[in-house]
Amino acid sequence: MRPVEGIVREVEALYSAGIVHFGLGRQADFYAYMAEDVGREEFQLLNPEAVERLLMGVRNAAPGFKTLHIDNVNPGAVAGEGLSPSRSWSCWWSTARRGT
């Protein structure tokens, strides 16, 4: 799995070249990015902090992007399956909405 920093550097280079439409994905569940137990459990222990770092890194690298498409999301992940009690999508959603 590619690290956040490498993806963000690529987005930054593409944005500098004038690209404003981006897509992230090529996996069965976007929210499983950097999750634990991938491939061993139906609902992995999700890592919303890694998803937040990735999406905020893209936002900072390409502040004027027009499109950010993500591939495939498991509905169970959206519903919170695989989140430990100490992790939550709510922190990510509030940060993403603020754009900070």
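Taken together, the values in this text are just the output of simple stated rules run on the coordinates, not laboratory data. Please read these numbers as outputs of a predicted model, since none were measured by experiment. As a convention, Cβ positions derive from the backbone with ideal geometry for all residues, glycine included, and neighbour counts pool all protein chains shown.
The packing ranking of peptides 69-80, 50-61, highest mean first, is 50-61, 69-80, where packing means the average number of other beta carbon atoms within 10 angstrom of each residue.
Less than 5 angstrom separates the built amide H of Ile70 from those of Leu24, all sequence-distant by 5 or more or on a different chain.
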